[in-house]
Amino acid sequence: MTARAHTPEYQDELLEYRLSLRLGPVHARQRLGIEREAEAKVFGPDQRSFHLENITSAPRFISTCLKLAGLFRRGQANSRRLDVVHNRFHITGLPAAFEGYRILQLTDLHVDMDEANLQAVINRIEPLQYDLCVLTGDYRRRTWGPIDDAMEGMARIRDAIKGKAYAVLGNHDSVRMVPGLEDMGYHLLMNEHAILQRGDDRLYLAGVDDAHFYKVHNLHKAGDDIPPAGISLLLSHTPEIWREAAHAGYDVFLCGHTHGGQICLPGRVAVTLDADCPRELGRGYWRRNGMQGYTSPGSGTSVVNVRLNCPPEVTLHTLTGSPD
């Protein structure tokens, strides 16, 4: 092996080549190009999506305010106490083999944000029983910079997950993470779909790349080959594409991104959701245009590792064809 093989330039070329093979050259160029242009900027390419965490003074300012109010320690303790939340999707025409099928959803882990939170997630999911795990993005603390710490945390999460794990990227995640995550055993859905099969029965699981900051989602590419009568589930990092997804014919929509507000007023009233969608779609179960959805408030934290009036969760979804 030549000395050049160890240079950053060669490693970048190798990564781009591998991503081109995996995603196609257009998607790879698009995502890498937007990342390089937008790293550490406060506003996204559309000048509407917003990264509070890219304001360097934001974490210190918010932490100081919470400490002065006597809320920081309580909020930090809250962020490390995760609920296991159970949700049921009643799906007309669900194939019989998938009756009672259980899906564990993890989202907004930000695994390099807080070691205590990461360990709490691992402890929470290890005893759970489920048929499939899905992850809906935001694995890294920052929206830019090195990925090594996030990758180490994701390897620990993968060790705790039983069976297959399908995932999509969020606005905090670099496309540079894709090869490493797939080497760990995560199945990334980058505007693609997978077939879940039990005997002769099938479900279709689609996933799109980030639709919040990078705007690189493609519902057509993800779902064009799904049969019109097939029961389909869509993974998206953000709820913001709910209208597109519903009209595309998806039956179930799983997402995160909002953190449920993370720091909320009493009654779980979010101060901000950082998402261009109706507030009713900001947390928990919802239904729009015949499509059922669930927006998880996530397991981790962003900007500061505190939660107020907004418990973190891991979510167990059960699919059933039985009426209420």
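Derivation of every value follows stated rules applied to the coordinates shown; laboratory data play no part. In this text the structure is predicted, and so the values were computed from the model without any measurement. Positions of Cβ are generated from backbone atoms using ideal geometry, with glycine treated the same way; all protein chains shown enter the neighbour counts.
Could you point to the residue in 310, 97, 118 farthest towards the positive end of the stretch 37-320's charge dipole, with +1 and -1 charges on the Cβ of Lys/Arg and Asp/Glu respectively?
Result: 310.
Nearest 20 debye, what's the magnitude of the dipole of the chain about its Cα centre given +1 on Lys and Arg Cβ and -1 on Asp and Glu Cβ?
It works out to roughly 920 debye.
Which Cα, out of 147, 261, 195, lies furthest along the positive dipole direction of the chain (beta carbon charges, K/R +1, D/E -1)?
In the chain, that residue is 261.
How many Lys pairs in the chain lie less than 28 angstrom apart by Cα atoms, where the lysines are 8 or more positions apart or on different chains?
4
Relative contact order for the stretch 84-154 using alpha-carbon pairs under 8 Å, separation at least 6, rounded to a whole percent?
Value for the stretch 84-154: 39 percent.
Across the stretch 268-281, in residue order, what do the Karplus-derived ³J(HN,Hα) couplings come to in whole Hz, using 6.51 cos²θ - 1.76 cosθ + 1.60 with θ = phi - 60° and x for Gly and Pro?
6, 7, 6, 5, 8, 10, 6, 8, 8, 7, x, 4, 5, 8
Could you give the distance between the Cα centres of the stretch 182-225 and the stretch 80-95, to the whole Å?
20 Å
May I ask you to compute the full-extension gain from residue 22 to residue 122, defined as 0.36 nm times their residue separation minus their alpha-carbon distance, rounded to one decimal in nm?
Details: separation 100, 0.36 × 100 = 36.00 nm, distance 2.94 nm.
Gain on extension, residue 22 to residue 122, equals 33.1 nm.
So what is the calculated 222 nm ellipticity per residue for the chain, using -39500 (n - 2.57) for each DSSP H run with n of 4 or more, over all residues, to the nearest 500 deg cm²/dmol?
On the way: 9 runs with 92 residues, N = 324.
For the chain, the value works out to -8500 deg cm²/dmol.
When only C-alpha pairs under 8 Å and at least 6 residues apart count, what is the relative contact order of the chain, in percent?
Averaging sequence separation for qualifying contacts and normalising by length gives 24 percent for the chain.
What distance in nm separates the two pseudo spin-label positions at residue 243 and residue 129, each 7 Å out from Cα along the beta-carbon direction?
4.3 nm
Say we join alpha carbon atoms closer than 10 Å with springs in a Gaussian network model of the chain; which of 92, 238, 143 then has the biggest fluctuation?
The residue that fluctuates most here is 92.
Kindly state, to the nearest 0.05, the FRET efficiency for residue 201 paired with residue 225, given R0 = 22 Å and r defined as their beta-carbon distance.
Numbers: r = 18 Å, r/R0 = 0.81.
The value I calculate is 0.75.
Would you grab the residues whose amide H sits under 5 Å from the one on residue 313? Only those 5+ places off in sequence or on another chain, please, with H modelled 1.01 Å from N.
Those qualifying (amide H under 5 Å, at least 5 residues apart or on another chain) are 83, 298, 299.
Full extension from residue 279 to residue 77: what is 0.36 nm times the residue separation minus their Cα-Cα distance, to one decimal in nm?
The residue 279-residue 77 span can extend by a further 70.1 nm.
Which ³J(HN,Hα) values in Hz, rounded to whole numbers, follow from the phi angles of the stretch 135-147 under the Karplus curve 6.51 cos²θ - 1.76 cosθ + 1.60, where θ = phi - 60° and Gly and Pro get x?
Those phi angles translate into 10, 10, x, 6, 9, 9, 5, 8, 9, 8, x, x, 10 Hz.
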